[in-house]
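Notes for the one structure printed next.
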């Protein structure tokens, strides 16, 4: 696929929180990563407002295992609460994703250089990402590296039948991705076949709920600088 990357992400623990479990102050992970969590990982590898990152599919490489831990949540008003968080353990996934230009960010049209962004994305992936990689939440450190999607042996490769995970959060709609001045949550019903979940696109989700009003930040040449200008400034400083 055009402008695509394939990578493996792994870590000791992951917490793709089911929001229904937050009500009582405790957290339980979904059995598989959400579209939004994988999109966040791709954006930690490389992101610019010019681009929209699209996650195509994920392959579950290790068996789905869970482990509960006693956690002391941070209470800024004081207190000594103990909560149980249920994490996924020893996770490893192969991910296929690509980017398109954000049609709702006409203010970034001057930065639509497909070849440049794809090359930077691939270099950033080889370096392990531009920002820290998290598997759902801050305390679950992850690591990324390039791979060929489908290579290697996965635990569910020859699983007979389909695995249904019920209704899950697909992701969040932000104003700069939809053109609407509101934040929304998307729901869907994922199905895993032979260890692979193929994601529908955000605009294909039919279960969408409004969360709140929100406006997108505007970018233009007045508050951004081109790479050429930055390199020119750097060369002038070196000459001085």
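At a glance:
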quantity	calculated
Length-normalised contact order of the chain in % [C-alpha pairs under 8 Å, at least 6 apart]	25 percent
Global geometry of region 1-89, whether rounded, prolate or oblate, following the gyration tensor of its Cα atoms and the 1.5 cut on a/c	prolate
Using a Förster distance of 41 Å, the FRET efficiency for residue 157-residue 137 (Cβ separation, nearest 0.05)	0.90
Relative contact order (%) - criterion: Cα under 8 Å, at least six apart; region: region 46-122	43 percent
Cα gyration tensor shape of region 35-80, rounded if a/c is under 1.5, else prolate or oblate by comparing a/b with b/c	oblate
Cα long-axis angle, helix 114-126 against the chain (0 to 90 degrees, to the nearest 10)	50 degrees
For the chain, built as a Gaussian network whose Cα springs stay under 10 Å, the top-fluctuating residue of 23, 168, 192	23
Mean separation of Cα contacts under 8 Å, 6 or more apart, over the residue count of region 1-79: relative contact order %	19 percent
Where labels lie 7 Å past Cα in the beta-carbon direction, separation of residue 231 and residue 183 in nm	3.7 nm
Region 110-143 versus region 70-109: alpha-carbon centroid distance in Å	15 Å
Burial order of peptide ranges 46-58, 137-149 (average beta-carbon count within 10 Å, highest first)	46-58, 137-149
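Laboratory data are not the source of any read-out in this text; all were calculated from the coordinates shown. All values derive from a computational prediction rather than experimental measurement. Reconstructed Cβ throughout: ideal geometry from the backbone, glycine too, with neighbour counts over all protein chains shown.
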